[in-house]
1. Between 85, 119, which is more than 18 Å from the chain's Cα centre (by Cα), closer than 30 Å to residue 202 by Cα and modelled with pLDDT of 90 or more?
2. Please determine whether any residue of the range 244-266 is within 22 Å of the chain's Cα centre (by Cα) and over 14 Å from residue 123 (Cα atoms).
3. Counting only residues that are touching a helix residue (DSSP H, G or I) at 6+ places or on another chain (Cβ under 8 Å), surrounded by 19 or more Cβ atoms within 10 Å (Cβ to Cβ) and not assigned by TED's automatic domain parsing to the domain that holds residue 204, give me the helices (runs of 4 or more DSSP H) lying completely in the range 62-154 with at least 3 of them.
4. Kindly establish whether residue 281 is surrounded by 17 or more Cβ atoms within 10 Å (Cβ to Cβ) and either in contact with a strand residue (DSSP E or B) (Cβ under 6 Å, 6 or more places away or on another chain) or not assigned by TED's automatic domain parsing to the domain that holds residue 192 (or both).
5. Among residues belonging to the range 267-278 that are in contact (Cβ under 8 Å) with a residue 40 or more places away in the chain and more than 21 Å from residue 127 (Cβ to Cβ), point out the one that is surrounded by the fewest Cβ atoms within 10 Å (Cβ to Cβ).
6. Starting from the range 84-101, take each residue that is under 15 Å from residue 57 (Cβ atoms) and list its partners that are modelled with pLDDT under 90, counting only C-beta distances under 7 angstrom and pairs at least six apart or across chains.
């Protein structure tokens, strides 16, 4: 196959990771079915058969049928190309506003929605660097280590969902964000030298942002309430809150004030025993220099 032919090779279901529709996500299924139906109607109105349309947008016929049948979530580039080919004057491209809301799994969307509404978030993480702080390369290396292994498609979807949550740092007004990481997570060789260096640089960048407090729990610390697992607390503008801890209430989310007080006590104790933010950033800078 020539270089030119290879460059225009149609992307098919086999070589172009797409996003499967979660059958348990009723709202997501409805949105993608509607988008697919509109795409099919516009294609047929333009007098184009699926193979011809697929060749025009740069995707295989099988992908066209799956998207139109509501079985696949189209990517933004697919909608943009379809808009151009069908002369929709931006109407198809505009569908992305609905599609992007359902492209991630339902559970991830629920978490991202809560994070987007929170005015204060506090997290203690003991097993790895928290998702809101991860670089794409670090996140990919972690996801690739999971067992049973992700399919390539599921891995790409999980990665995109995790990185998309980081738009929280762009919010205005910005929420108050507090992170406590175990020092051991900084020493773990995730992804190799360059990935670790990029991750340390990202931590330093985020740790210096206004409204962000980043602390490290040193490896020589005494036993503390976080040793049973992750602790998360999210507080909202209306005074309500939700929290979760691996070692409390069977790990389920709680919103009852009495249960929240227990989690707040745990998190407060963890923060008090961790290194101060300035000391924590100094430690990360030292590790960066040694990497």
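1. Numbers: 85 fails: closer than 30 Å to residue 202 by Cα.
Sole residue among the options that is more than 18 Å from the chain's Cα centre (by Cα), closer than 30 Å to residue 202 by Cα and modelled with pLDDT of 90 or more: 119.
2. Here is the first cut: in the range 244-266, the ones within 22 Å of the chain's Cα centre (by Cα) are 244-246, 251-253.
Adding the requirement that they be over 14 Å from residue 123 (Cα atoms) leaves 251-252.
Yes, the range 244-266 contains a residue that is within 22 Å of the chain's Cα centre (by Cα) and over 14 Å from residue 123 (Cα atoms).
3. Hits in the range 62-154: 76-86.
4. Working: surrounded by 17 or more Cβ atoms within 10 Å (Cβ to Cβ): yes; either in contact with a strand residue (DSSP E or B) (Cβ under 6 Å, 6 or more places away or on another chain) or not assigned by TED's automatic domain parsing to the domain that holds residue 192 (or both): no.
Criteria not met by residue 281.
5. Step by step, filter the range 267-278, then rank; the result is 276.
6. Note: pairs meeting the criteria are 96/76.
The values are calculated or read from the model by the stated rules, or taken from the named source; none is laboratory data. Treat the numbers as computed from the prediction; the structure is a model and nothing was measured. For neighbour counting, all protein chains shown are included, and Cβ atoms are generated from backbone atoms with ideal geometry for every residue, glycine included.
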